[in-house]
Amino acid sequence: MHVPLRMATCKNNRAFPLLYYLSTMAQSSDQKGNSASINPKALEQFRAKRKRLLPAAAYISGILEGDRNLLSQAITLIESAHPDHQKLARSIIEGCLPYSGNAHRIGITGVPGVGKSTFIEALGLQVVEKGHQLAVLAVDPSSEHSGGSILGDKTRMNDLSVHPNVYIRPSPSSGSLGGVARATRESMVLLEAAGSDIIFVETVGVGQSETTVHSMVDFFLLLLLAGAGDELQGIKRGIMEMADALLITKADGPNLEKARQARTEYRNALHLFPAAENGWLPRVEITSSLGGKGLTQAWEIINLHRKHQKANGHFGKRREKQARYWMHETIRQQLGHRFYRHPAIQNALTEMEKEVTAGQVSPFDGACRLLDLYFK
């Protein structure tokens, strides 16, 4: 994750406690004359220090002051499944909530190889040059299996990842889509309280993650490739209907004419879709991240959409709809989590699965019996 400048220049090695404790290597040698490795006492102190949690007020005040170290620790608490961490995280979120909501949340998705990380860096650098504070998050529940995540993408965002006005946070390396998405959305509250006024949310996985990202952003951008055979590239109609803009990437060199042709085809395709409730007509443009072509136009479209939504009241309505959705989604997630962790259910579940797979009990009846047991 991005290391803040003031952490890197912190005195007395306080920003890097591991390095500090490793420097306290034992000076004595064992009976064979070999140098001792790490001082066991120092290592124990380091581990104890890592486990020490601060009061919620300390995290809240640190976040409001822009302390990225405490911000990162608070986001880690949000991602943790430990009950004590979750309880503390809720208190931190509640304290930061009055200072959130002012950022422009932008979702970015696209097929693998479309150039998301290159585009994010190119557009991100343009955004921070305008004086914005940028945060980049990822929704990627499958990175442990696919190997694709924004953590790896940071190696291709050399300039953006070290910019003092940019905070990049990868998603957890594994976990359910619902859990990762919840952590991402709650992290946005802390980032906004810390001063981020632009937030990019990248969907690294494919499929349902696009719908999930759409449910937490103000603007949804779909990146597409030209000249990949079928110009619709297997993109589901639902994803295209969600998009507020479509950008044909890598529109340079021999791909330029293909990109222009793809732009025409996508514009024609979008005219077949029903009009959006907010009255916005999705834009389709071409861009080249390496050459910088189309980036200014893309940013203008994003801002034009915001003005359009603000003017007709749909910006606020979209936020309200998303808040209701995530409340109900959290209820569903928590019920499922508590259901499967209930001792009585854990004892009865395996036997019920055997009866269902053997055809002795219908799946519906089996589920109802377990639910009756849970709520008894």
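Summary of values
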item: Residue list for segment 326-354, filter: of a type in the set (D, E, K, R) and at pLDDT 95 or above; result: GLU351, GLU353, LYS354
item: Residues of segment 61-85 that turn out to be under 25 Å from GLN333 (Cβ atoms), surrounded by 13 or more Cβ atoms within 10 Å (Cβ to Cβ) and not small (Gly, Ala, Ser), as a count; result: 9
item: First in segment 353-376 and under 14 Å from TYR340 (Cβ atoms), second anywhere and assigned to a loop (DSSP other than H, G, I, E, B), Cβ under 6 Å, 6 or more apart; result: TYR374/HIS342
item: Entirely in segment 280-376, the helices (runs of 4 or more DSSP H) that have 2 or more residues that are among the aromatic types (Phe, Trp, Tyr) and touching a helix residue (DSSP H, G or I) at 6+ places or on another chain (Cβ under 7 Å); result: 314-341
item: Candidate set: segment 82-101, residues that are in contact (Cβ under 8 Å) with a residue 40 or more places away in the chain and not in a helix (DSSP H, G or I); chosen: the one nearest to MET216 (Cα to Cα); result: GLY101
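Rundown of residues vs (1) surrounded by fewer than 15 Cβ atoms within 10 Å (Cβ to Cβ); (2) out of contact with any Leu (no Cβ under 9 Å at 6 or more places or on another chain), yes/no style:
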position: GLN309; (1), (2): no, yes
position: PHE315; (1), (2): no, yes
position: GLU320; (1), (2): yes, yes
position: TRP326; (1), (2): no, yes
position: ILE331; (1), (2): yes, yes
position: HIS337; (1), (2): yes, yes
position: ARG341; (1), (2): yes, yes
position: ILE345; (1), (2): no, no
position: LEU349; (1), (2): no, no
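Okay, residues lined up against (1) modelled with pLDDT under 85; (2) of a type in the set (S, T, N, Q); (3) under 14 Å from TYR266 (Cβ atoms); (4) part of a loop (DSSP other than H, G, I, E, B):
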residue	(1), (2), (3), (4)
GLU186	no, no, no, no
GLU202	no, no, no, no
VAL206	yes, no, no, yes
PHE220	no, no, no, no
GLU231	yes, no, yes, yes
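One line per residue, one yes/no per condition, for (1) surrounded by fewer than 18 Cβ atoms within 10 Å (Cβ to Cβ); (2) closer than 16 Å to LEU290 by Cα; (3) more than 19 Å from the chain's Cα centre (by Cα):
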residue	(1), (2), (3)
LEU88	no, no, yes
LEU97	yes, no, no
GLY107	no, no, no
LEU123	no, yes, no
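The values are calculated or read from the model by the stated rules, or taken from the named source; none is laboratory data. Since we're looking at a predicted model, the values are computed, not measured. For neighbour counting, all protein chains shown are included, and Cβ atoms are generated from backbone atoms with ideal geometry for every residue, glycine included.
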